[in-house]
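Below you'll find the structure, written out as structure tokens, and then a few comments.
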Amino acid sequence: MERLRIGVIGLGIGRRHLQTLARMDDVEIAGIADTDPVRLASCSGEFGVRPYATAEALLSAERLDAVSICTPPASHRSLTEDAARRGIHVLCEKPMAPTVSDCDAMAAACRSAGVRLMVAQKKRFHPLVARLKELSHGELGPIRWALVKYALGRVPMDWFWDERDGGGPIQENSVHAVDTLRYLIGEVRTVMAVGGTLFNADRAPQPDVAAVSLQFANGSIAALGLGQASEWAFADERFFFACDGGEARFWGRFDASTEWRMALRSAPDKIVNESIEADDCFDSEIGHFLACVRSGDEPLVTGEDARGSVAVTVAIKESIRTGQAIQLA
């Protein structure tokens, strides 16, 4: 099998992409790019790959089959459009972009160029999310009500809080929780939220926490507690689902659920408890993307699909600002 030539742009979370790619026999890491010379030199030495000081230099110099775009969100549109023009398939880190219009442009550029675009909403690949997805079409039945606590620790990077870039914790990170619910339940139709800057006064007016109510197109509802309200030493996540046929929940350290509990309404005394190994899902996510590059199949998270999760996070912040419920098309 011919090896795929892959580039990685942005070596923050991109370093984690490199760790997975370096273990794959059918992949050649053709080059990496980062504007931070120290980070670039470190990754170049660690993984033995050619360094480039800019994304444009990497894309111009190397013949690439695919690229991981792991830069802050404000750059995602331009980098994706550049890669698409060159016929390069794109795995783009979340959130897809700061605005819905940017997301639309990225998806259109890749469709027009005939290249695959996948957005790295990695929770779709988590074993417990996959289990619940399957069971919601089986003995648990459709999800009618969900409760989510998703509160991360402190994040010091300015781009993370910038409304024109990461969009703060309600967008940059909480998009994971929103996307998980959309994947499991369906499209969101109504968003109502309250929130504020309660723990990071220096970041005002960017909201750092939110209490959110969602109503889905199928009539299901969800309540979410989101934002930067925890400390990394004890940050966790908790997901609860009440279904037609029973209840299920999973929880664990933040971004690393390992505990599962389930009971069926037909046998409420038979409670299932299970613990699994922690899985950050990068191996499954990147492996799936590259399989789609080879086969031409649609990835699990297309640009059009990921756009929907950005639209919900944008609506959450609009609801906080206006005090009004936001209707999504």
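The values are calculated or read from the model by the stated rules, or taken from the named source; none is laboratory data. Please read all numbers here as calculations on a predicted model, not as lab measurements. Here the Cβ is made from the backbone with ideal geometry for all residues, glycine too, and neighbour counts use every protein chain on show.
Quick notes on this one:
- Where L91 falls short, out of the listed (1) in contact with a Ser or Thr (Cβ under 8 Å, 6 or more places away or on another chain); (2) under 22 Å from V155 (Cα atoms): (2)
- Residues in the range 268-277 that are more than 15 Å from F241 (Cα to Cα) and surrounded by 11 or more Cβ atoms within 10 Å (Cβ to Cβ) were compared, and the one that is farthest from the chain's Cα centre (by Cα) is E274.
- Reported count of residues in the range 279-288, each being surrounded by 23 or more Cβ atoms within 10 Å (Cβ to Cβ) and either of a type in the set (D, E) or over 17 Å from P127 (Cα atoms) (or both), is 1.
- Qualifying residue in the range 102-123 (condition: in contact with a Phe, Trp or Tyr (Cβ under 7 Å, 6 or more places away or on another chain) and surrounded by fewer than 20 Cβ atoms within 10 Å (Cβ to Cβ)): no
Conditions (1) touching a residue at least 24 places away in the same chain (Cβ under 8 Å); (2) in contact with a Cys (Cβ under 7 Å, 6 or more places away or on another chain); (3) within 16 Å of F289 (Cβ to Cβ), marked per residue:
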position	(1), (2), (3)
A84	yes, yes, yes
L91	yes, no, yes
D104	yes, no, no
V119	yes, yes, yes
K122	yes, yes, yes
L135	yes, no, no
L140	yes, yes, no
K149	yes, no, no
R154	yes, no, no
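- Selection of the range 8-58 for residues being under 19 Å from R294 (Cα atoms) and either more than 20 Å from the chain's Cα centre (by Cα) or among the β-branched types (V, I, T) (or both) yields V8, T20, A22, R23, M24, D25, D26, V27, E28, I29, A30.
- Taken together, L79, L140, L128, L91 contain a single residue that is out of contact with any Pro (no Cβ under 7 Å at 6 or more places or on another chain), assigned to a loop (DSSP other than H, G, I, E, B) and surrounded by 19 or more Cβ atoms within 10 Å (Cβ to Cβ), which is L140.
- Restricting S44, S68, S60 to those that are within 15 Å of I88 (Cα to Cα) and surrounded by 17 or more Cβ atoms within 10 Å (Cβ to Cβ) reduces the list to S68.
- Top-ranked residue of the range 191-237 - restricted to ones that are aliphatic (A, V, I, L, M) and in contact with a Phe, Trp or Tyr (Cβ under 9 Å, 6 or more places away or on another chain), ranked as farthest from P169 (Cα to Cα): I221
- D244 meets each of the listed conditions (1) more than 17 Å from F125 (Cα to Cα); (2) within 19 Å of the chain's Cα centre (by Cα) apart from (2).
- Among the residues here, I271 does not qualify as of a type outside the set (D, E, K, R), touching a residue at least 60 places away in the same chain (Cβ under 8 Å) and either out of contact with any strand residue (DSSP E or B) (no Cβ under 9 Å at 6 or more places or on another chain) or not assigned by TED's automatic domain parsing to the domain that holds R77 (or both).
- Some residue of the range 211-226 being more than 30 Å from S266 (Cβ to Cβ), in contact with a helix residue (DSSP H, G or I) (Cβ under 7 Å, 6 or more places away or on another chain), modelled with pLDDT of 95 or more and part of a loop (DSSP other than H, G, I, E, B): no
- Complete set of residues in the range 161-176 that are out of contact with any strand residue (DSSP E or B) (no Cβ under 8 Å at 6 or more places or on another chain) and either assigned to a helix (DSSP H, G or I) or among the aliphatic types (A, V, I, L, M) (or both): W161, Q171, E172, V175
- Among the residues of the range 104-125, those that are closer than 21 Å to D65 by Cβ, outside any strand (DSSP E or B) and aliphatic (A, V, I, L, M) comprise M106, A107, A109, A113, V115.
A quick yes/no check of all residues on (1) free of Cβ contacts under 8 Å to residues at least 60 places away in the same chain; (2) closer than 16 Å to L147 by Cβ; (3) not acidic (D, E):
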site: L198; (1), (2), (3): yes, no, yes
site: R203; (1), (2), (3): yes, no, yes
site: S213; (1), (2), (3): yes, yes, yes
site: L224; (1), (2), (3): no, yes, yes
site: E231; (1), (2), (3): no, no, no
site: G245; (1), (2), (3): no, no, yes
site: M262; (1), (2), (3): no, yes, yes
site: R265; (1), (2), (3): yes, no, yes
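- Any hit, the range 282-302, residues being assigned to a strand (DSSP E or B) and charged (D, E, K, R): no
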